[in-house]
Every structure is written in structure tokens, then in C-alpha cells.
1. Whether any residue in region 206-214 is modelled with pLDDT under 50, out of contact with any Asp or Glu (no Cβ under 6 Å at 6 or more places or on another chain) and surrounded by fewer than 19 Cβ atoms within 10 Å (Cβ to Cβ) is what I want to check.
2. Scanning for something touching a Gly at 6+ places or on another chain (Cβ under 7 Å) and either within 13 Å of the ligand (Cβ to nearest atom) or modelled with pLDDT of 75 or more (or both), does region 13-20 turn up at least one residue?
3. Looking only at region 20-48, which residues are within 27 Å of the chain's Cα centre (by Cα), assigned to a strand (DSSP E or B) and not hydrophobic (A, V, I, L, M, F, W, C)?
4. Could you please find all residues in region 118-141 being assigned to a helix (DSSP H, G or I), surrounded by fewer than 15 Cβ atoms within 10 Å (Cβ to Cβ) and in contact (Cβ under 8 Å) with a residue 24 or more places away in the chain?
5. Hey, among the residues in region 21-44 that are crowded, with 17+ Cβ neighbours inside 10 Å and more than 9 Å from the ligand (Cβ to nearest atom), which one's nearest to Ser59 (Cα to Cα)?
6. Within 16 Å of the ligand (Cβ to nearest atom), within 30 Å of Ile191 (Cβ to Cβ) and at pLDDT below 85: is that true of Gly51 in this structure?
7. Could you grab the pairs with beta carbons closer than 7 Å, sequence gap of 6+ or different chains, first residue in region 27-44 and within 10 Å of Ile13 (Cα to Cα) and not assigned by TED's automatic domain parsing to the domain that holds Trp55, second one at pLDDT 90 or above and more than 14 Å from the ligand (Cβ to nearest atom)?
8. Can you tell me which residue in region 6-19 is surrounded by the most Cβ atoms within 10 Å (Cβ to Cβ), limited to those that are over 17 Å from Gly51 (Cβ atoms) and under 36 Å from the mean Cα position of the chain (by Cα)?
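The values are calculated or read from the model by the stated rules, or taken from the named source; none is laboratory data. This one's a predicted model, so the numbers in the text were calculated from it and none came from an experiment. In this analysis, Cβ positions are derived from the backbone assuming ideal geometry, glycine residues included, and neighbour counts consider all displayed protein chains.
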Amino acid sequence: MSWRYFTSGECPICWGLRRDCRQSLETLLVHCRYREAKPPDWEQVRPDALGAMMWRQISTRASYNKSNPGAAWRELERLEKREKEQQQSKTRDNGLSIAQLDIEIRKVSDQLSLSVADRERLRSRFSVITDNIEEQDRLISESGCRSVSQWQKLHSPVNDRLPGVKEGGRSLLVRGEGILCPIANGQGKYIGWQVRLNNPTDGQKYVWLAGERKRASRPTSHLKSGELPIPSGSA
Ligand SMILES: [Zn+2]
């Protein structure tokens, strides 16, 4: 991110009333702490990570229009996402950073495989996206989905702070046979996972993996924004 720092009197929002005003050269948003300001051609977006208000110029708003995404808007969304992820990685109570989550989830998926029947199930899900079988297989392999059985055993133990891992790290808290699908963030790091149960007992087909209730500090899947790479509307 590159910035233009306003010197005294240059800021179009406060005209020098505040000191650390700046403008992003990527988003063109002005970051100014003078929230009481009512500059005619500017409107408030939201506070930035440092607590300053972000302002956008109304007359140039077309470049920030979400239905017509310009580079500036995409950049802003990318930054917002990163800020959010950084915040979540700090507040997550399972004590694992995003990097650790990714490592531990891969340790699990590396020791599991995908059954022929589950591959067929996934192909039929992905057929909504493409008819091409090779393309379906590519999507399946990218999704990192694996077959799991009830209380899936692990050959090599993983960190039991990972949501859905039984204390001791030698099995998964999966209550039925199904397909385990890791959820990646925008940078391709695995941050959580869901299981699609083959035979859901309570009608809930997709379940987030969470820790055991009896443990004092129960690890949970905090990031609930990710979605299964499978269209959930299909049977
Ligand atoms: Zn200012």
C-alpha cells in the first residue's frame, strides 16, 4: 500500500485540523480522523484499522461502485479481508494461527483418501459447474476433500487444538461417515473444515467440526465465512 501524506492544510476533509491525514494511492480513499467534518463532495466509508475514518469522493464514486468493480474497489476489499483475517487470527480461542491451522489440516488430509463412491458424489456436485470430467476431477483435487468414517482414526496424531480433533490428536470428532472438506481463505491457506455427512440423522448435512464439549477450553471453528466447494442445494 502506498500513501500520500498530506502536509498541513492539504487534507480535503479537515483542511489541516488533524495531523496524520493521508490518502491511499491505490484506493484513493482519504484517511482522516476528523469525523465531524461535512465536506460536500466526500462521504464516510468506515473506520480503517487505525481508527481513522476512510472517506471517498462522491464525484469519483463510479470507480468504487461494487457492481462495476474497479481496481480501487478490489484493492479495498482485499485489504478489508486481510484486516479481518488478521483480527480473527488474533482472537481465535483455539490458539492456532492461520499458518498452524493450515499445517495441521494438511497433516490430516495427507493421511486420508477419497473413496470411489465419494469421488462419484463429488463429481455429481461439480457437474453443476462443469460437464467435463477432467475438469470435475481437477476441482475435486483442488478442494482437498477426503472420505471420513465415524470417529475417523488418524495414523499419525495432529495438534488437538484443531477444532474437530479428539483430545490426544488421534481421531476426528465426526459422528458419521461422510466427506471432509477443508475451507481455504483467500490466500489458499486452510482455516477450517466442514463435513458433509452421507446419512445425516437430524437433517443437518453439513457440519462444522468443533472440539469436545467436556474440555475446559473448547476449540471451535471460528471462521464461519468459508463455504463448502460443493453446491449445498443439490441432494
Ligand atoms: Zn484530515
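1. Taking every residue of region 206-214 in turn, at least one turns out to be modelled with pLDDT under 50, out of contact with any Asp or Glu (no Cβ under 6 Å at 6 or more places or on another chain) and surrounded by fewer than 19 Cβ atoms within 10 Å (Cβ to Cβ).
2. Yes, some residue in region 13-20 is touching a Gly at 6+ places or on another chain (Cβ under 7 Å) and either within 13 Å of the ligand (Cβ to nearest atom) or modelled with pLDDT of 75 or more (or both).
3. Ser24, His31, Gln44, Arg46, Pro47
4. Matches in region 118-141: Ser124 only.
5. Trp42
6. yes
7. none
8. In this case the residue turns out to be Phe6.
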